[in-house]
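Let me begin by presenting the structure, written as structure tokens, before commenting on it.
The values are calculated or read from the model by the stated rules, or taken from the named source; none is laboratory data. Keep in mind that this is a model prediction, so the values were computed, not measured. Virtual Cβ from ideal backbone geometry, glycine too; neighbours counted across all protein chains shown. Accessible surface is based on the protein model in full, side chains and every heavy atom, while ligands, DNA and RNA are left aside. Shrake-Rupley method; radii C 1.70, N 1.55, O 1.52, S 1.80 Å.
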Amino acid sequence: KHYASISDFGKYPPQKLENIARLGVALDEIISAYDLNALAIRCWDELEKKYGIAPCLILGDLNERGICAACELDVNNAVMMRALNLAADFPVMLFDVNNNYGKDEHKVIFFHCGPAPASLMEGKGHIEEHLMFRKSYGEGSGVGINVGKIARGDVTIGSFKTEDGDLWAFVSEGEITDDPIEKAFFGCGMVFRKKEGTVREMLNYMASEGYRHHVAITRGYWADSVREAFEKYLSIRIDKI
């Protein structure tokens, strides 16, 4: 009932919802046993092949509840998610830095399959099947992406990495805009506009410094707070881009 209240399951059979709920219960037990406040899980291919589900809805729910949950085993950015969550006292999500927005140097498309917390969405989502999983593993294999509209407004983004035994991070600020994106983007997609400088500069920085394709995102401007905490108290290098 809890997951059904978050998103509309529509046409999918009850067994899919039950499998998603069972995975959620298992993760809750692990979180309780180890007193976790952040985690990263492996999204495929076991869940799709054995249970016919994708974990996106569960990740969004965990993030809404304050358990920072990263997908694709991105442990590094589970750390950044936790940092933004503590700074903002607000739910966080992890999205792909996906595509340029036409030729606009100040905007970029962020996209992911639907691991967004309800507080960062506009209204209730609806469940669909992950198109990449369907293509790879067959129809019905990836039910569980939460499709919906991301709320517009000011945000802080950041990413975290390890390199040669050292810890590195960056943060930036901007806004989620009302700009439309192509319907081919399933799950949740949005356009990010940088507050200062250009997106091209940020993308060049991420590429040259070896950052992965993910950024953690939360509402409001918190870059200075996160930077102070990382540098002053944890002695971790962090750039504000």
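Straight-line reach from residue 195: which lysines have Cα under 21 Å away, leaving out those fewer than 8 places along the same chain?
The qualifying lysines are 103, 107, 240.
Give the peptides 16-22, 161-167, 174-180 in descending order of average Cβ contacts within 10 Å, highest first. Don't jump to the answer; show the numbers that get you there.
Details: 16-22: 18.1, 161-167: 10.9, 174-180: 14.9.
Taking the mean over residues of other Cβ atoms within 10 Å, the ranking is 16-22, 174-180, 161-167.
Once the whole set of protein chains is in place, how much accessible area is left on residue 120, using a 1.4 Å probe, in Å² to the nearest 10?
Residue 120 exposes around 10 Å² with every protein chain in place.
How tilted is helix 75-88 with respect to the longest principal axis of the chain? Cα atoms for both, answer in degrees (0 to 90, nearest 10).
That helix lies at roughly 70 degrees to the long axis.
Before rounding to the nearest 500, sum -39500 (n - 2.57) across all DSSP H runs of length at least 4 in the chain and divide by the residue total; then give [θ] at 222 nm in deg cm²/dmol. Mind showing how you got there, number by number?
Numbers: 7 runs with 72 residues, N = 241.
Computed mean residue ellipticity for the chain: -9000 deg cm²/dmol.
Return the Rg/Rh ratio of the range 84-161 with Cα-based radii and a Kirkwood Rh.
Values: Rg = 14.7 Å, Rh = 14.5 Å.
When Rh is taken as the Kirkwood radius, the ratio is 1.01.
Relative contact order of the chain, please, whole-number percent, based on alpha carbon pairs below 8 angstrom and at least 6 residues apart.
Values: 531 pairs, mean separation 50.8, N = 241.
Across the chain, relative contact order equals 21 percent.
Assign unit charges at the C-beta atoms only (+1 for Lys and Arg, -1 for Asp and Glu), then state the dipole size of the chain relative to its Cα centre in Debye, rounded to the nearest 20. It would help to have the intermediate numbers written out before the result.
Details: 28 positive and 36 negative charges, 94 e Å.
About 460 debye.
Calculate the dipole size of the range 89-138 relative to its Cα centre from +1 charges on Lys and Arg beta carbons and -1 charges on Asp and Glu beta carbons; express the result in debye to the nearest 20.
200 debye
If packing is taken as the mean number of other Cβ atoms within 10 Å per residue, what is the order of 137-144, 104-111, highest first?
137-144, 104-111
Relative to the present Cα-Cα distance, how much length would full extension add between residue 8 and residue 22 at 0.36 nm per residue of separation? Before the final figure, lay out each step's value.
On the way: separation 14, 0.36 × 14 = 5.04 nm, distance 1.79 nm.
Difference between extended and current length: 3.3 nm.
Give me the percent of accessible area attributable to carbon and sulfur for the range 1-103, probe 1.4 angstrom.
Working: 2770 of 5220 Å².
The computed percentage sits at 53.
Over all alpha-carbon pairs in the range 180-241, figure out the percentage whose distance exceeds 18 Å. Display every interim value, and only then the final one.
On the way: 1002 of 1891 pairs.
Above the 18 Å cut-off, the range 180-241 has 53 percent of its Cα pairs.
Sorted by accessible area (1.4 Å probe), largest first, how do 36, 86 line up? Show your work: numbers first, answer last.
Numbers: 36 55, 86 110 Å².
From most accessible down to least: 86, 36.
I want the local charge near residue 13. Using Cβ-Cβ distances under 15 Å, sum +1 for each Lys or Arg and -1 for each Asp or Glu among the other residues.
Working: positive: 11, 16, 22; negative: 8, 18, 128, 129, 139.
Taking every other residue near residue 13 into account, the sum is -2.
Using amide H atoms built 1.01 Å from N in the peptide plane, name the residues 5+ places from residue 195, or on other chains, whose amide H lies under 5 Å from its own.
Amide H to amide H, under 5 Å and 5 or more residues apart or across chains, residue 195 pairs with 173, 174, 175.
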